[in-house]
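Shown next, in structure tokens, is the structure this report addresses.
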Amino acid sequence: MGYRIYKSFEYDFPYDPSYKGNESERLFAKLIDILPFFLTFLFLFKNPPVISFLYSIPCIIMWGALCEVFWGTTFGKSIFKIKVLDDFGNYPDLILSLKRNFLCLTNLWPVFTDYIPPTTHTWEKETTLMNFSMHMNNTICKTYIVKKSKIEEIKKLIYQEKTKATQ
């Protein structure tokens, strides 16, 4: 008769993965990850520092994507005990991880904000702060950076949401 039945549901990640200091941890993790490639191109292949850095960017994109697919983390992220998860609590697939790692280049663009201290802090002066916004790649790819210790709690919440949606 041409009747079609579609089942759909809206899904939100049932956990707030943000925590204090995650942007700086992610920045340092990326620097730790890029360091071996940079040093390899610098000392082993005798390239100038700028060229070594430029060569190490595609290497870290590919290596980071592979590591996130298989282990959910890279060496730098594992030092800070953080992992990458998708909406369903799994490690991202290869295409999503490549896209995410390619977009991390835009995360290194600095964000400037004006800081005006409270009137009671007379010893502080107005200044401009520079931070790195490390969330655009996760927002576009719908991935999340979470602490390793919270993964079990997240999986339980996702399982509860799945069972509610099927009932």
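Candidates GLY21, LEU129, PHE75 compared by Cα position along the dipole of the chain: farthest toward the positive end lies PHE75, with charges placed on Cβ.
Here the dipole of the chain is about 500 debye; that uses its Cα centre as origin and unit charges on the Cβ of Lys and Arg (positive) and Asp and Glu (negative). Taking trypsin sites (Lys or Arg not before Pro) across the stretch 98-163, the ones in a DSSP loop with at most 16 further Cβ atoms lying within 10 angstrom of their Cβ are LYS125, LYS142.
Can you tell me which of 68-79, 84-95 comes out highest on packing, and rank the rest after it, using the mean Cβ neighbours within 10 Å? Walk me through the intermediate numbers first.
Details: 68-79: 18.8, 84-95: 16.7.
Highest mean packing first, the order is 68-79, 84-95.
Students often get this wrong, so try it: which of [x] 56, 18, 11; [y] 34, 26, 15; [z] 34, 17, 14 is semi-axes √(5λ) of the Cα gyration tensor in Å as calculated from the structure shown? Matching the structure shown: [y]. Label separation (ILE140 vs THR120): 4.3 nm, computed from points 7 Å beyond Cα along the C-beta direction. Label zone of LEU35 (point 7 Å out along Cα→Cβ, amide N under 13 Å): in the stretch 84-107 this covers no residue at all.
Just flag the GluC sites (Glu not before Pro) in the stretch 115-155 sitting in loop per DSSP whose Cβ has no more than 13 other Cβ atoms within 10 Å. Intermediate results must be reported in sequence, preceding the final value.
Working: sites: GLU124, GLU126, GLU152, GLU153; in loops: GLU124, GLU126.
Within the stretch 115-155, the qualifying GluC sites (Glu not before Pro) (loop, at most 13 other Cβ atoms within 10 Å) are GLU124, GLU126.
Values quoted throughout were computed directly from the atomic coordinates according to the rules given, and no laboratory measurement underlies them. Because the structure is predicted, anything quoted here is derived from the model rather than measured. Note that we place each Cβ from the backbone using ideal geometry, even for glycine, and neighbour counts take in every protein chain shown.
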